[in-house]
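Each remark here refers to the structure printed beneath this line.
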Amino acid sequence: MSEKTWERNTAGIAALRLQEVEQRVRERVVQPAGKTDASRDLVTFAKDCRIKALEEENRQLKKQLQTALGRAYDQL
């Protein structure tokens, strides 16, 4: 094989490898790593449960605060 033929073959192989790498990069960019509907639903459900628990705790704390303020007012 002559030197020029070897250089052309090597250049062609390098070009093909470069195209393959570029294609893989494009595929990674095109495919977002988003969540599935099921995982989104699960996260939403967990957040809703947490919100309900915090709202209930908030109601209880408000009730305790009213009771404490009433007692403090009665002592005056």
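The numbers here are math on the coordinates, done by the rules we state, and not lab data. This is a predicted model, so every value here is computed, not measured. No Cβ is skipped: glycine too gets one built from the backbone with ideal geometry, and neighbour counts run over all protein chains shown.
With r as the distance between the Cβ atoms of V21 and R50 and R0 = 35 Å, compute the FRET efficiency 1/(1 + (r/R0)^6) and round to 0.05. Once rounded, the FRET efficiency stands at 0.20.
If R0 is 30 Å, the Cβ-Cβ spacing of T67 and S39 corresponds to a FRET efficiency of close to 0.10.
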